Amino acid sequence: MTKAVYIHIPFCKKICSYCDFCKMYYHQEYVSNYLKALETEIDKRYQGEIVDTIYIGGGTPSVLSVLQLRELFRIIKKIKKSKNIEFSFEINFDSIDEEKLVLLKENGVNRLSFGLETLSPKGQRLLNRVNKKERIKKIISKAKELGFNNINIDLIYAFPGETKEDLKKDLDFIISLDIEHISTYSLIIEEHTILYIDGVENISEDLDAEMYEYIYNRLAKEGYIHYEISNFAKNGKESRHNLCYWNNEHYYGFGLSSASYIDNTRMLNTRSINKYLKGDYLVEKEELTKEEIKEYELILGLRKKTGISKEYFIKKYGSIKELLENGFLKEDSNRIFIPENKMYLSNEIIVKILKEDV
């Protein structure tokens, strides 16, 4: 049963130097045509399931005008929602105001995800971001006043030139906002981004690892649960939508470049706006074998602090003695999981499990 929906809004006011997601500059006519194509895709593909989560991402969904947002929500009303729906909406601080927040609230959005990334002046210059503390505090305060009680903030760290003191200042500020969820991402310089084209290089792995350790230790002291490699939440505020991905459950993806996983088949939409507007959505479709499904379950499941079923792991991969002895995995009566101090090495551990007899 498909119980999650992702909708991609690719438009942005400006292009961040690190972003490799499908995006383009905001243009009113393109938005109008895009929403029409989005509605057509949903009408064609959505099978009428009652969904538990909806996530509007981008791009920058909050860059849409009030009229365009109303049109988007009219389209989304076609999707049947459960009574306890988690309805998330991505926001940049420079493209949101009280009127838009009220509109989100009126249309059932109950989880806000803000892209803060960093407040470091050198970091903002590098990442092509503009954020001001007073505006951030004002917007978060207004969101709480309107009744939003499930708010996430994204943090990017380990960018060239960042010091541990810079990171501490960013965390101090985010923690002071008293929000429910924090997502932390070590900067990865992807191909086709401005940083890559400019020849910017990643910081040392040792410093990256030190920053990661500092983050999880600090947030643990502040009462945040480190429930997934990059994500921290107050109790009960874990992202249900993202847990759908990590639990390898089925989901729809609508819009440019969005991915779907339905009936054990993975599908990927085109990144071409011209093809999408013509109704030529799909660029890739792959029906997974049972072995591939199990591998996805391992790769995604071990991202979570709770890990995966111990019975399942041993049945699929056999002995885990070596990895347990080396401290790369831990076990309790029911679960196999990567310990907190090894989460930073999760990719290497998962590759070792998949490629070698353990």
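The values are calculated or read from the model by the stated rules, or taken from the named source; none is laboratory data. These numbers were taken from a predicted model, which means no experiment stands behind them. In this analysis, Cβ positions are derived from the backbone assuming ideal geometry, glycine residues included, and neighbour counts consider all displayed protein chains.
Within the stretch 299-337, can you find the residues that are within 22 Å of Gly253 (Cβ to Cβ) and either out of contact with any Gly (no Cβ under 8 Å at 6 or more places or on another chain) or surrounded by fewer than 16 Cβ atoms within 10 Å (Cβ to Cβ) (or both)? Lay out the reasoning, then the answer.
First, the residues of the stretch 299-337 that are within 22 Å of Gly253 (Cβ to Cβ): 299-301, 303-304.
Across the stretch 299-337, the qualifying residues are Ile299, Leu300, Arg303, Lys304.
Checking the structure you have, find out if any residue of the stretch 189-210 is crowded, with 18+ Cβ neighbours inside 10 Å, in the same structural domain as Arg129 (by TED's automatic domain parsing) and in contact with a His (Cβ under 6 Å, 6 or more places away or on another chain).
Among the residues of the stretch 189-210, not one is crowded, with 18+ Cβ neighbours inside 10 Å, in the same structural domain as Arg129 (by TED's automatic domain parsing) and in contact with a His (Cβ under 6 Å, 6 or more places away or on another chain), which makes the answer no.
Kindly establish whether Lys100 is surrounded by fewer than 22 Cβ atoms within 10 Å (Cβ to Cβ), assigned to a strand (DSSP E or B) and in the same structural domain as Thr193 (by TED's automatic domain parsing). Working first, answer last.
Numbers: surrounded by fewer than 22 Cβ atoms within 10 Å (Cβ to Cβ): yes; assigned to a strand (DSSP E or B): no; in the same structural domain as Thr193 (by TED's automatic domain parsing): yes.
Considered against the rule, which asks whether it is surrounded by fewer than 22 Cβ atoms within 10 Å (Cβ to Cβ), assigned to a strand (DSSP E or B) and in the same structural domain as Thr193 (by TED's automatic domain parsing), Lys100 comes out as no.
Got at least one residue in the stretch 252-273 being surrounded by 16 or more Cβ atoms within 10 Å (Cβ to Cβ), under 30 Å from Asp172 (Cβ atoms) and among the aliphatic types (A, V, I, L, M)?
Looking for residues that are surrounded by 16 or more Cβ atoms within 10 Å (Cβ to Cβ), under 30 Å from Asp172 (Cβ atoms) and among the aliphatic types (A, V, I, L, M), one finds none in the stretch 252-273, hence no.
Just to be sure I understand the filter: pairs with C-beta atoms under 6 Å, separated by 6 or more residues or on different chains, first member in the stretch 124-144 and on the phi < 0 side of the Ramachandran plot, second member surrounded by 15 or more Cβ atoms within 10 Å (Cβ to Cβ) and polar (S, T, N, Q). Which pairs pass?
Leu127/Ser17
Residues are listed down the side, and each one gets a yes or a no for (1) farther than 17 Å from Pro10 by Cα; (2) polar (S, T, N, Q); (3) at pLDDT 95 or above:
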{"site": "Asn248", "(1), (2), (3)": "yes, yes, no"}
{"site": "Tyr251", "(1), (2), (3)": "yes, no, yes"}
{"site": "Tyr261", "(1), (2), (3)": "yes, no, yes"}
{"site": "Asn264", "(1), (2), (3)": "yes, yes, no"}
{"site": "Asn269", "(1), (2), (3)": "no, yes, yes"}
{"site": "Glu291", "(1), (2), (3)": "yes, no, no"}
{"site": "Glu295", "(1), (2), (3)": "yes, no, no"}
{"site": "Leu300", "(1), (2), (3)": "yes, no, no"}
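Might you let me know whether the stretch 269-290 holds any residue that is outside any helix (DSSP H, G or I), touching a Cys at 6+ places or on another chain (Cβ under 7 Å) and outside the structural domain of Gly59 (by TED's automatic domain parsing)?
Residues of the stretch 269-290 that are outside any helix (DSSP H, G or I), as a first pass: 269-272, 278-289.
Those still in the list that are touching a Cys at 6+ places or on another chain (Cβ under 7 Å) too: 271.
Keeping just the survivors that are outside the structural domain of Gly59 (by TED's automatic domain parsing) gives 271.
Yes - at least one qualifying residue is present in the stretch 269-290.
Just to verify a result, which residue in the stretch 123-159, among those that are of a type in the set (Lys, Arg) and part of a helix (DSSP H, G or I), is nearest to Ile179 (Cα to Cα)?
As a first pass, look at the stretch 123-159 and keep what is of a type in the set (Lys, Arg): 125, 129, 132-133, 135, 137-138, 142, 144.
Then drop every residue that is not part of a helix (DSSP H, G or I), which leaves 125, 133, 135, 137-138, 142, 144.
Numbers: Arg125: 26, Lys133: 15, Arg135: 16, Lys137: 11, Lys138: 13, Lys142: 13, Lys144: 9 Å.
Taking the candidates together, the pick is Lys144.
Being modelled with pLDDT of 95 or more, surrounded by fewer than 20 Cβ atoms within 10 Å (Cβ to Cβ), within 20 Å of the chain's Cα centre (by Cα) and under 24 Å from Leu104 (Cα atoms) is true for just one of Gly236, Gly147. Which residue is that? If you could, list the steps in order and put the result at the bottom.
Numbers: Gly147 fails: within 20 Å of the chain's Cα centre (by Cα).
Only one candidate passes the filter, namely Gly236.
Would a scan of the stretch 28-47 turn up a residue that is assigned to a strand (DSSP E or B) and either among the aliphatic types (A, V, I, L, M) or out of contact with any helix residue (DSSP H, G or I) (no Cβ under 8 Å at 6 or more places or on another chain) (or both)? Step through it out loud before you land on a result.
Narrowing the stretch 28-47 to residues assigned to a strand (DSSP E or B): none.
No, every residue in the stretch 28-47 fails to be assigned to a strand (DSSP E or B) and either among the aliphatic types (A, V, I, L, M) or out of contact with any helix residue (DSSP H, G or I) (no Cβ under 8 Å at 6 or more places or on another chain) (or both).
If you take the residues of the stretch 106-122 that are more than 21 Å from the chain's Cα centre (by Cα) and surrounded by 15 or more Cβ atoms within 10 Å (Cβ to Cβ), which of them is modelled with the highest pLDDT?
Looking only at the stretch 106-122, we keep the residues that are more than 21 Å from the chain's Cα centre (by Cα), and these are 106-107, 120-122.
If we keep only those that are surrounded by 15 or more Cβ atoms within 10 Å (Cβ to Cβ) too, we end up with 107, 120.
Values: Asn107: 98, Ser120: 95.
Out of the qualifying residues, it is Asn107.
Mind listing whichever residues of the stretch 12-28 are under 15 Å from Tyr185 (Cα atoms) and among the aromatic types (Phe, Trp, Tyr)?
Tyr18, Phe21
Could you say whether any residue in the stretch 328-336 is in a helix (DSSP H, G or I) and either farther than 20 Å from Glu295 by Cα or at pLDDT 80 or above (or both)?
As a first pass, look at the stretch 328-336 and keep what is in a helix (DSSP H, G or I): none.
No: zero hits.
Residues that are farther than 17 Å from Ser113 by Cβ and not acidic (Asp, Glu): list the strands (runs of 3 or more DSSP E) wholly contained in the stretch 160-250 that include at least 1 such residues. Steps first, answer last, please.
Working: elements: 181-186, 225-228, 231-233.
Once the strands (runs of 3 or more DSSP E) in the stretch 160-250 are filtered for at least 1 residues that are farther than 17 Å from Ser113 by Cβ and not acidic (Asp, Glu), what remains is 181-186, 225-228.
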